1. Being surrounded by 16 or more Cβ atoms within 10 Å (Cβ to Cβ) and more than 21 Å from V58 (Cβ to Cβ) narrows it down to one residue among P148, P171, P142; which is it?
2. Just name the residue that is least open to solvent (accessible area, probe 1.4 Å) out of those in region 51-72 that are farther than 19 Å from S107 by Cβ and assigned to a helix (DSSP H, G or I).
3. In region 103-124, is there at least one residue being in a helix (DSSP H, G or I), closer than 20 Å to G210 by Cα and not hydroxyl-bearing (S, T, Y)?
4. List the pairs whose first member sits in region 102-119 and is under 18 Å from P49 (Cα atoms), whose second member is at pLDDT below 95 and surrounded by fewer than 22 Cβ atoms within 10 Å (Cβ to Cβ), and whose Cβ atoms are under 6 Å apart, counting only residues at least 6 apart or on separate chains?
5. With the requirement that a residue be closer than 14 Å to A219 by Cα and touching a Pro at 6+ places or on another chain (Cβ under 8 Å), what does region 40-84 give you?
6. Can you confirm whether G48 is over 18 Å from E113 (Cβ atoms), open to solvent by 20 Å² or more (accessible area, probe 1.4 Å) and in contact with a Leu (Cβ under 6 Å, 6 or more places away or on another chain)?
7. So in region 174-203, with the set limited to residues that are over 18 Å from the mean Cα position of the chain (by Cα) and of a type outside the set (G, A, S), which one is surrounded by the fewest Cβ atoms within 10 Å (Cβ to Cβ)?
Amino acid sequence: MSRLLKTMMAGAALLAAPMAASAQEDDQGGWHVATKVPPIGPGDRIHGPVRADISVIVWLDPECPYCKQFGTTAETAIDNARGKANLAVRLFPLPFHGPNAMFASLSALCVGEQGGDPAYYRYLDGWLARTATNGAGLPAEPGQGGDPAIALATAAGARDTAALASCTAAPATAERLNEEMRGAQRAGLAGTPSIAVRNNLSGRTIMVDGAVGADDLEAAIAYMGKQSAL
């Protein structure tokens, strides 16, 4: 367990929301209509334009192997949409992935608070790229000393490590994550990753559970872009 993790895990103990112990991480049968997905709001970290006709909303667990497989697929799809769509990645660490999943989620929020939305995505992308998943966390970098989580956060744009430690252990950060997880449960999350595509003009939303491919996600964005307003 990393030194930073040992320092910061106090915040994780404050997460009291129940989580589905039986959550599955595989595809549950394709896209379906979703009526309870919260739209992108002020608390979200956004990749792409702040306002767009289409929003992609992804819930992930930084220690989920299927989230690692999904990787930067959503960010690439948003970039390919050329200003017509934006992305919000929300966090849902699953209990059976242990303290590293919780720590990665809490610290990602704090990296974003310190370094802005791009830093949040750099940190999450870096974590997913490096982790062995299933709760293993970040391995030590070959030939380098120190805490790999600190190194990743610093590289992402959160250079004040004392502020990062304080933020990650703070009750307010735990509550932010808690509320994000409650929103996922209200939306009917079946596992991670879960992906929603919302037409912000009509309010219509479709959702899928599982690590879909780039072509599938881009087709869903195009499809939802053609939906008329209510």
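1. One residue alone meets the criteria, P148.
2. Result: F70.
3. yes
4. Going by the 6 Å Cβ cut-off, there are no qualifying pairs.
5. The answer is S55, and nothing else.
6. It is true that G48 is over 18 Å from E113 (Cβ atoms), open to solvent by 20 Å² or more (accessible area, probe 1.4 Å) and in contact with a Leu (Cβ under 6 Å, 6 or more places away or on another chain).
7. The extreme case among them is L201.
The values are calculated or read from the model by the stated rules, or taken from the named source; none is laboratory data. The model shown is predicted, which means the values in this text are computed figures rather than measured ones. No Cβ is skipped: glycine too gets one built from the backbone with ideal geometry, and neighbour counts run over all protein chains shown. What goes into the accessible areas is simple: the full protein's heavy atoms, side chains included, and nothing from ligands, DNA or RNA. Shrake-Rupley method; radii C 1.70, N 1.55, O 1.52, S 1.80 Å.
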